[in-house]
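Data first, discussion second: the structure below is written as structure tokens.
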Ligand SMILES: [Zn+2]
């Protein structure tokens with residue numbers, strides 16, 4: 001048995017999933033709240049029989065490996081190690097086909113970043129060649145009081161070159177290390193000087209202090225770079241997005257902090273690289289920061305897997321408070337409890353607090369202010385709530401937060417507290433909220449994609465119909481004189497349908513096969529316990545809806561055409577329109593559909 005099969009047989013998939021998700025048994029399946037997206041009714045289904053775990057809301061999941069890869073953000077070979085560890089399976093040391101597999105583009109990019117990180121650290125170290133150039137980088141590190149251990153741990157480095165001039169030292173070094181021009185450009189560490197792709201490239205980072213950004217597995221995947229001279233803009237410059245770096249999902253310091261976050265059950269979110277390093281240096285290790293971007297839902301989801309609470313350690317200035325407010329709004333939407341560190345008196349940010357009084361820092365973290373209190377304190381300090389105009393502005397500020405709250409009980413406590421702050425009655429605040437919600441939902445309903453898809457618990461109508469036909473062969477025989485290929489606009493679904501309808505059952509491609517299995521899995525769990533009549537009813541309802549939608553689309557096309565044509569042509573189109581209506585009535589009158 002190979003390692004993959006052995007892992008699957010030793011570690012039942014529901015056991016694996018239970019490490020992350022609370023599962024409830026439902027017949028031959030388990031169901032739970034999806035770990036990949038926020039939801040309140042479970043659409044995450046686990047089938048021990050089929051060895052699959054899949055979400056029909058967000059379409060994530062699959063077998064043991066896909067599940068772990070997506071949830072832990074691992075490559076296949078790392079997922080293999082991860083799962084082998086849990087399942088107690090020893091992996092063969094050599095000659096696995098994986099090791100022989102050609103290294104992917106991503107692997108090359110990680111190697112390139114590792115090489116660049118080595119280059120930058122060498123430049124920072126004191127050496128005859130770099131003494132002059134990197135001196136102000138070393139001075140900056142001294143001024144910020146980072147000790148050598150922290151510098152080593154963070155792998156700080158220096159990017160040589162003239163800030164505003166041309167420099168290609170890193171580019172040349174990477175070329176000499178065996179990386180191609182294309183690979184270097186993909187990494188974003190250098191860019192071609194002219195748009196025609198001439199031979200010379202310029203380094204992205206010139207004369208800057210370098211902070212390597214590592215992913216959750218500790219691999220360098222990007223860099224942040226700080227300007228060293230006043231007037232060099234921007235102060236912080238980051239790697240652009242690349243196949244291995246998505247700033248909306250990478251957290252600076254997360255790989256190193258993960259275990260401590262898990263143990264302490266809380267994470268500290270700081271504003272930048274320097275804050276993370278200063279806080280770590282003080283011995284507080286459950287700290288992360290975003291990489292030059294505002295906190296995203298994706299960041300919070302990642303943190304939520306290990307932390308039960310997030311402490312915002314932002315600057316005390318208005319930018320910091322606004323960032324805190326935005327992050328709290330996201331926290332309410334993702335149900336991530338948050339508090340805000342409360343710096344004493346004249347201290348402006350975490351770094352200053354640590355330097356003045358490390359104990360005060362600990363107190364600020366331990367006695368951090370709950371999100372709700374922070375928000376209403378901020379509201380009361382920022383607006384004159386006696387003034388009706390300012391009160392209206394304040395109301396506008398907090399409505400989005402109230403809207404974001406999922407739990408009605410939680411929302412009630414916010415409304416009570418908000419009403420007191422704004423000096424209105426809770427019921428009138430509640431009415432404002434309802435009005436606001438109404439305004440928000442309107443544009444959503446007008447989005448045609450949603451109207452047309454009319455999803456069945458996450459499935460499109462096409463998928464739902466195909467799922468019914470795949471799962472219940474008897475339904476196929478009822479539907480076969482109405483349904484044909486044209487019912488499926490998606491190519492993959494069309495292939496699956498063809499294979500189902502054909503006597504010879506052509507072999508499906510892997511992804512189509514997987515999709516077909518998922519559909520059966522979902523339809524089975526969804527329709528467990530339905531009688532034969534009820535199943536027929538499901539089929540009929542779906543078919544009717546699909547037929548109606550198809551005619552609606554055709555009618556809409558005709559109407560659009562009519563606006564652009566001459567009166568005679570318009571008459572013709574009107575006739576077509578009338579006959580479409582007749583066809584539709586006829587089609588829906590079919591015995592099968594009644
Ligand atoms: Zn999901």
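None of the figures in this text is laboratory data; all of them are computed from the coordinates on show. On a predicted model such as this, the values are computed, not experimentally measured, just so you know. Positions of Cβ are backbone-derived with ideal geometry, glycine not excepted, and every protein chain shown enters the neighbour counts.
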- Task: Sketch the reach of a paramagnetic label on residue 407 as a point 7 Å from Cα along Cα-to-Cβ, and name the residues of the range 359-383 whose backbone nitrogen lies under 18 Å away.
- Result: 370-375
- At q = 0.25, 0.28 Å⁻¹, what is the base-10 log of I(q)/I(0) for the range 383-445 according to the Debye formula with one equal point scatterer per Cα and no solvent? Please give it to two decimals. -1.10, -1.28
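Extension gain residue 578-residue 149, at 0.36 nm per residue separation less the Cα-Cα distance, in nm?
On the way: separation 429, 0.36 × 429 = 154.44 nm, distance 8.01 nm.
Value of the extension gain: 146.4 nm.
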- Task: Compute the Rg/Rh shape ratio of the range 218-343: radius of gyration over Kirkwood radius, all on alpha-carbon atoms.
- Result: 0.95
- Expected sort for 369, 339 with the fewest Cβ neighbours (10 Å cutoff) up front is 369, 339
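Based on the Cβ-Cβ distance of residue 175 and residue 498, what FRET efficiency does E = 1/(1 + (r/R0)^6) give at R0 = 41 Å, to the nearest 0.05?
On the way: r = 50 Å, r/R0 = 1.23.
Step by step, r from the Cβ atoms, then E = 0.25.
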- Note on the structure: In whole percents, the bins of 5 Å from zero upward hold the Cα-Cα pairs of the range 452-593 as 2, 9, 17, 19, 17, 13, 9, 7, 5, 3, 1, 0
- Item | Among beta bridges that DSSP assigns inside the chain, antiparallel share in %, nearest 5 | 75 percent
- Task: With label points built 7 Å along Cα→Cβ from the Cα atoms of residue 534 and residue 373, find their separation and express it in nm.
- Result: 5.0 nm
- Task: Under 1.5 on a/c is rounded, so check that first for the range 197-248, then, if it is not, pick prolate when a/b is larger than b/c and oblate when it is not; a ≥ b ≥ c are the square roots of the alpha carbon gyration tensor eigenvalues.
- Result: oblate
- Task: Would you mind ranking 273, 497 by Cβ crowding within 10 Å, fewest neighbours first?
- Result: 497, 273
- Can you give the translational diffusion coefficient of the range 549-594 in µm²/s, computed by Stokes-Einstein from the Kirkwood radius over Cα pairs at 25 °C and 0.890 mPa s? 215 µm²/s
- Note on the structure: In deg cm²/dmol, rounded to the nearest 500, the helical mean residue ellipticity at 222 nm of the chain, built from -39500 (n - 2.57) for every DSSP H run of length 4 or more, is -17000 deg cm²/dmol
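Calculate, for residue 566 and residue 586, the FRET efficiency according to 1/(1 + (r/R0)^6) with r their C-beta to C-beta distance and R0 30 Å; round to the nearest 0.05. Mind dumping the intermediate values first?
Details: r = 30 Å, r/R0 = 1.01.
With R0 = 30 Å, the Cβ-Cβ based efficiency is 0.50.
Contour minus end-to-end for residue 593 and residue 182, with contour as 0.36 nm per residue of separation and end-to-end as the Cα-Cα distance? Numbers along the way, then the final one.
Values: separation 411, 0.36 × 411 = 147.96 nm, distance 5.81 nm.
Value of the extension gain: 142.2 nm.
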- Each label sits 7 Å from Cα toward the beta-carbon; between residue 363 and residue 388 the label points are separated, in nm, by 4.4 nm
- Take the alpha carbon atoms of the range 1-44, find their center, do the same for the range 524-563, and report the distance between the two centers in whole angstrom. 32 Å
- Measuring from label point to label point, each 7 Å out along Cα→Cβ, what is the residue 550 to residue 86 span in nm? 4.4 nm
- Query: For the range 3-100, treating each Cα as an identical point scatterer without solvent, what Debye log10 I(q)/I(0) comes out at q = 0.23, 0.24 1/Å?
  - Reply: -1.18, -1.26
- Here, the chain modelled as identical Cα point scatterers in vacuum has Debye log10 I(q)/I(0) at q = 0.12 Å⁻¹ of -1.31
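Taking R0 as 25 Å, what FRET efficiency do you get between residue 509 and residue 480 from their Cβ-Cβ distance, rounded to the nearest 0.05?
Details: r = 24 Å, r/R0 = 0.96.
The calculated FRET efficiency here is 0.55.
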- Message: Using only the alpha-carbon atoms, how far is helix 426-446 inclined from the longest principal axis of the chain? Give it as 0 to 90 degrees, nearest 10.
- Response: 70 degrees
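Is the range 105-238 rounded, prolate or oblate when judged by the Cα gyration tensor, a ≥ b ≥ c being the square roots of its eigenvalues, rounded requiring a/c under 1.5 and prolate requiring a/b larger than b/c? Don't skip to the answer; put the middle values down first.
Numbers: a/c = 1.78, a/b = 1.29, b/c = 1.38.
Oblate, because a/c is 1.5 or more while a/b does not exceed b/c.
Would you mind ranking 427, 264 so that the residue whose beta carbon has the fewest other beta carbons within 10 Å leads the list?
Numbers: 427 10, 264 17.
Starting with the residue having the fewest Cβ neighbours, the order is 427, 264.
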- Angle between the chain longest axis and helix 254-264 axis [Cα atoms, degrees, rounded to 10]: 80 degrees
- Acute angle (nearest 10 degrees) that the helix 105-124 long axis makes with the longest principal axis of the chain, alpha-carbon atoms: 10 degrees
